[in-house]
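The values are calculated or read from the model by the stated rules, or taken from the named source; none is laboratory data. Keep in mind that what you see is a predicted model, and the values were worked out from it rather than measured. Methodologically, a virtual Cβ is constructed for each residue, glycine included, from the backbone with ideal geometry; neighbour enumeration extends over all protein chains shown. Just the protein is used for accessible areas: all its heavy atoms, side chains included, with ligands, DNA and RNA removed. Shrake-Rupley method; radii C 1.70, N 1.55, O 1.52, S 1.80 Å.
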Amino acid sequence: MRRIPGLVLGLILFGAGIALKLRSDLGLSPWDAFHQGLARHLPLSVGTVTILVGGLVLLAWIPLRQRVGVGTVLNAVVVGVIIDVTLYVVGDTESTPIRWAYLLGSIALIGVGSGLYIGSRLGPGPRDGVMMGLAARGISIRLSRFLIEGTVLVAGWLLGATVGIGTVVFAIIIGPLVQFFLRLLDRGPISVVQSTPSASSSAS
């Protein structure tokens, strides 16, 4: 299927963007903070935790009767693998300019990556799928996202994750950026329910 290459490239860029956000050490979006917080208390990498949490979140799709697409499955695996690979290649830095470059680079990569993988219309990520399922049962996406992401952000912070100025900058910029790239890269309708672009754009 011609949509697959765009989906995979999008997920690769998305995972690399999350890794750069982690390396910036300026602040993470909700789910990434939760994954980092868990990784700090488990003998597991952030990428592995991302994959495991994605798998657990998929279990919530069963009572919500959400349909799993190929994009959903690849999202749950590829993003976590790319996070670990990128973290292995890109080291920590104490330089403030470089850390900000990492953060801004992460926003750019996640913006383009989101446009590609959401635009492929091959299935929402595990976390967005839960919110779509709740929306189908009368709970607004805005409310469900606020409650779920607010909870995981606080949990991540309590677990020692990095929450700071980067969290705010990312939240402000990523929504409009994803919308922009989605308009450019959307491949059009397909028979899998799609997620609304996330304002926080973690490993969706």
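Quick notes on this structure:
- Qualifying position, being at pLDDT 90 or above and in a loop (DSSP other than H, G, I, E, B), among Gly156, Gly188, Gly166, Gly160: Gly160
- Only a single item in (1) out of contact with any Pro (no Cβ under 8 Å at 6 or more places or on another chain); (2) closer than 21 Å to Pro63 by Cα is not met by Met132, and it is number (1).
- Residue ID - most open to solvent (accessible area, probe 1.4 Å), chosen from residues in region 135-153 that are in contact (Cβ under 8 Å) with a residue 12 or more places away in the chain and not in a helix (DSSP H, G or I): Arg137
- Checking every residue in region 96-117 against the condition of being out of contact with any Pro (no Cβ under 7 Å at 6 or more places or on another chain), open to solvent by 40 Å² or more (accessible area, probe 1.4 Å), polar (S, T, N, Q) and more than 19 Å from Leu177 (Cβ to Cβ) gives at least one match.
- Taking residues in region 119-130 that are under 16 Å from Phe181 (Cα atoms), and partners anywhere that are β-branched (Val, Ile, Thr), the pairs with Cβ atoms closer than 7 Å and at least 6 places apart or on different chains are Arg121/Ile190; Arg121/Val192.
- Residue in region 35-45 that is in a helix (DSSP H, G or I), without any contact (Cβ under 8 Å) to a residue 40 or more places away in the chain and touching a helix residue (DSSP H, G or I) at 6+ places or on another chain (Cβ under 8 Å) present: yes
- Within region 56-76, the set of residues being part of a helix (DSSP H, G or I) and either in contact with a helix residue (DSSP H, G or I) (Cβ under 6 Å, 6 or more places away or on another chain) or surrounded by 15 or more Cβ atoms within 10 Å (Cβ to Cβ) (or both) comprises Val57, Leu58, Trp61, Leu64, Val70, Gly71, Thr72, Val73, Leu74, Asn75, Ala76.
- Subset of region 46-79 that is in contact (Cβ under 8 Å) with a residue 40 or more places away in the chain and hydroxyl-bearing (Ser, Thr, Tyr) - its residue that is farthest from Pro5 (Cα to Cα): Thr50
- Filter result (closer than 18 Å to Val77 by Cβ and surrounded by fewer than 20 Cβ atoms within 10 Å (Cβ to Cβ)) within region 14-53: Leu44, Ser45, Thr48, Leu52
- Subset tally (residues that are assigned to a helix (DSSP H, G or I), in contact with a helix residue (DSSP H, G or I) (Cβ under 7 Å, 6 or more places away or on another chain) and either closer than 19 Å to Gly10 by Cα or aromatic (Phe, Trp, Tyr) (or both)) for region 101-134: 19
- Of the listed requirements (1) at pLDDT 95 or above; (2) over 14 Å from the mean Cα position of the chain (by Cα), Leu58 misses just one: (1).
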